[in-house]
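Trainee: For reference, the structure I am asking about is given below.
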Amino acid sequence: MAGERVKLVVSQRSILGSAESRRLRRQGLIPGVLYGRSSPIAIAVGERELRSALTTSAGSHAVLEVAVDGGSAHSAILKDYQRDKVRGNITHVDLQEVRLDQPIQTAVSITLVGEPVGVKEGGVLTQVATEVNLEALPLEVPQHLEADVSQLGVGDALRLSQIVVPDGVRFLDDPDETVIASVQLTREEVSEVAEGEEGAEGEQPEGAAETAGAEAEAGGESGGGESEPEE
């Protein structure tokens, strides 16, 4: 779902450095930076508030109405974030101020839906691309795209050009060259098919050997007689 705006209250940081960042995290705050049309602003945001804002129906593509120290709101999007490798919680966040009337470029994830016909025939479904790059107005960016793979047979591929997107959304990747998913046989299955075809080519139909032997004998008898000399 696109088009959701979420209010997010943050505070400006006056003290910088790793020691201050660790102190903020112990208090349940996440250090970050708000990049805008002017100078970047060092901020701190509550971990719960940020998690709540990013788990709406618009997900990480929600337009955040960021109010610094209770001031006027800035329309912004999530630009980047860092996670703790062990705990998985967000340790730093970057927000980018945007104008709602100007398109932005971002990456959107792709979800495969349906069971391919080729899988029922013994093939294996492979998702080649998990996200694509697109351009749209901030409020028109979809949370994710769905790709229907139910009609894919063995040897078929689904390309970006076959995915329908809302009006105003433009792909930045080549729609005809970007493969989203494909269905192929496994190496073992390909080997079995090849061996079966080779075996079929090497076999002779029943009675073929007998027919060949009979033809050879007939040829020998007709070629072995003597002709009578002319008088």
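Trainee: So in segment 5-98, what percent of DSSP beta bridges are antiparallel if you round to the nearest 5? Please list the in-between numbers first.
Mentor: Working: 19 of 29 bridges.
Around 65 percent of the beta bridges assigned by DSSP in segment 5-98 are antiparallel ones.
Trainee: For residue 15 and residue 99, what does the FRET efficiency come to when R0 = 35 Å and r is the distance between their Cβ atoms, rounded to the nearest 0.05? Could you put the intermediate results ahead of the total?
Mentor: Details: r = 31 Å, r/R0 = 0.88.
Efficiency, rounded to the nearest 0.05: 0.70.
Trainee: Here's a follow-up. As a footprinting exposure proxy, order 79, 120, 85 by other Cβ within 10 Å, with the fewest listed first. Working shown, then result.
Mentor: Numbers: 79 16, 120 10, 85 7.
In increasing order of surrounding Cβ atoms, one gets 85, 120, 79.
Trainee: Here is a follow-up. Taking the Cα centre of each part, how many Å lie between segment 24-101 and segment 139-160?
Mentor: Answer, in whole Å: 30.
Trainee: Any idea what log10 I(q)/I(0) is at q = 0.17, 0.22 Å⁻¹ for segment 105-187, Debye with uniform C-alpha scatterers and no solvent?
Mentor: -0.65, -0.96
Trainee: According to a simple spin-label model (label point 7 Å from Cα along Cα-to-Cβ), what is the distance in nm between residue 133 and residue 111?
Mentor: 2.5
Trainee: Stretch residue 23-residue 39 to full length: gain in nm at 0.36 nm per residue minus the Cα-Cα span?
Mentor: Details: separation 16, 0.36 × 16 = 5.76 nm, distance 2.47 nm.
Working it through step by step, the gained length comes to 3.3 nm.
Trainee: If I stretch the segment between residue 184 and residue 120 completely, what's the gain in nm (0.36 nm per residue apart, minus their alpha carbon distance), one decimal? Please list the in-between numbers first.
Mentor: Numbers: separation 64, 0.36 × 64 = 23.04 nm, distance 1.17 nm.
Extending this stretch completely gives an extra 21.9 nm.
Trainee: Still on this structure, please answer the following. Taking neighbour counts of Cβ atoms within 10 Å as a proxy for exposure, in what order, fewest first, do 179, 108 appear?
Mentor: 179, 108
Trainee: Show the residues, 5+ positions off or on another chain, whose built amide H is closer than 5 Å to the amide H of residue 146.
Mentor: When sequence neighbours closer than 5 places are left aside, the close amide H contacts are 111.
Trainee: If you place +1 on the Cβ of every Lys and Arg and -1 on the Cβ of every Asp and Glu, how big does the dipole about the Cα centre of segment 5-98 come out, in debye to the nearest 20?
Mentor: Values: 14 positive and 9 negative charges, 68 e Å.
I would put it at about 320 debye.
Trainee: In addition: For every other residue with a beta carbon closer than 15 angstrom to the beta carbon of residue 17, add +1 if it is Lys or Arg and -1 if Asp or Glu, then tell me the sum. Show your work: numbers first, answer last.
Mentor: Details: positive: 13, 22, 23, 25, 26; negative: 20.
Net local charge, residue 17 excluded: +4.
Trainee: Sticking with this one: Can you find, among 136, 125, 165, the residue sitting farthest towards the positive end of the charge dipole of segment 105-187, where Lys and Arg contribute +1 and Asp and Glu -1 at Cβ?
Mentor: Towards the positive end, the residue furthest out is 125.
Trainee: Can you sort 176, 156 by how many other beta carbons sit within 10 Å, fewest first?
Mentor: On the way: 176 10, 156 16.
Ordered by Cβ neighbours within 10 Å, fewest first: 176, 156.
Trainee: Using +1 at the C-beta of Lys and Arg and -1 at the C-beta of Asp and Glu, which of 19, 113, 42 has the Cα lying farthest in the positive direction of the dipole of segment 1-136?
Mentor: Sorting the options by dipole projection puts first 19.
Every number in this text was worked out from the coordinates using simple rules, so none of it is lab data. Nothing here was measured: the structure is a model prediction, and the numbers come from that model. FYI the Cβ positions are ideal-geometry reconstructions off the backbone, even for glycines, and counts take in every protein chain you see.
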